[in-house]
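Down below is the structure, laid out as structure tokens.
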Amino acid sequence: MKNIILIGFMGVGKGSVAREIVKTSSYIALDTDDIIESMENRRIKKIFEEEGEAYFRNLEKSVALWLESSVKNTLISTGGGFYKQENLKQIGKVVLLDSPFPDIIARIKAHPNAVKKLAKRPLLSDLAKAQELYKERTPEYLALADVVVNVTNKSALECAKEILDKV
Ligand code: S3P
């Protein structure tokens, strides 16, 4: 079993899909944002506020190098900007969760913890800027993906099954 690496825009549901994959397969999961928060013993939001984005991207780089050298047979969910790591394709099979921007925002807003979900993501604080970022990143996500799963109108379980079928 090769690693599966889930990429995609903030709020698209990488975490929920990862949890369903774990429930329905023998994969164990890791999340790059969780690893970074443990390394730093502070939340992503705090890291952005106290150190800035470049510092956070360097942490992502350390995580990417560690994943490539040391992690096998694992399902890895990533922060929305992790795909920029040069060694992404060496880490595992890249699966893109894809959804139109308005659907992503609607999905976050429909969540019972919507306020928290928006507040913890510094790059979602300005929706117009987030939409620009989405436009800029979408072709890059698509170019890197070995598998693309459109998540619109699908449950996390349906997406998980589709991923396990396709990889
Ligand atoms: C980011 C996405 C976030 C987190 C950080 C930066 C991005 O993760 O890594 O706030 O650049 O898209 P999620 O995709 O889990 O929100």
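The values are calculated or read from the model by the stated rules, or taken from the named source; none is laboratory data. Keep in mind that what you see is a predicted model, and the values were worked out from it rather than measured. No Cβ is skipped: glycine too gets one built from the backbone with ideal geometry, and neighbour counts run over all protein chains shown.
Answer yes or no as to whether E68 is more than 16 Å from the ligand (Cβ to nearest atom) and over 12 Å from the mean Cα position of the chain (by Cα).
Against the criterion (more than 16 Å from the ligand (Cβ to nearest atom) and over 12 Å from the mean Cα position of the chain (by Cα)), E68 qualifies.
Which pairs have Cβ atoms under 8 Å, sit 6 or more apart or on different chains, and link a residue in region 80-100 that is under 16 Å from A143 (Cβ atoms) and among the small types (G, A, S) to one that is at pLDDT below 95 and away from the ligand (no atom under 12 Å from the Cβ)?
Final answer for the pair search is none.
Scan region 134-151 for residues that are exposed (fewer than 13 other Cβ atoms within 10 Å of the Cβ) and of a type outside the set (G, A, S) and report the count.
Total satisfying the criteria: 5.
Out of the residues in region 49-64 meeting the condition of being in a helix (DSSP H, G or I) and more than 17 Å from the chain's Cα centre (by Cα), tell me which one is surrounded by the most Cβ atoms within 10 Å (Cβ to Cβ).
It comes out as E51.
Scan region 24-43 for residues that are of a type in the set (D, E, K, R), touching a residue at least 12 places away in the same chain (Cβ under 8 Å) and assigned to a helix (DSSP H, G or I) and jot them down.
Those that are of a type in the set (D, E, K, R), touching a residue at least 12 places away in the same chain (Cβ under 8 Å) and assigned to a helix (DSSP H, G or I): D33, E40.
Out of region 24-48, which residues are charged (D, E, K, R) and under 19 Å from L75 (Cα atoms)?
Within region 24-48, D31, D33, D34, E37 meet the criteria.
If you check N3, N73, which single one turns out to be touching a Ser or Thr at 6+ places or on another chain (Cβ under 6 Å) and within 18 Å of K166 (Cα to Cα)?
Result of the check over N3, N73: N3.
Out of (1) surrounded by 18 or more Cβ atoms within 10 Å (Cβ to Cβ); (2) under 16 Å from I5 (Cβ atoms), what's the single condition that is false for K72?
(1)
Looking at G11, G15, can you tell me which residue is within 16 Å of the chain's Cα centre (by Cα) and surrounded by fewer than 19 Cβ atoms within 10 Å (Cβ to Cβ)?
From the options G11, G15, the qualifying one is G15.
Determine whether I36 is surrounded by fewer than 21 Cβ atoms within 10 Å (Cβ to Cβ), within 14 Å of the ligand (Cβ to nearest atom) and either within 19 Å of L96 (Cα to Cα) or among the hydrophobic types (A, V, I, L, M, F, W, C) (or both).
yes
Which residue pairs have Cβ atoms under 7 Å apart, sit 6 or more places apart or on different chains, and have a first residue in region 143-167 that is assigned to a loop (DSSP other than H, G, I, E, B) and a second that is of a type in the set (D, E)?
Partner pairs satisfying both residue conditions: V151/D98; T152/D103.
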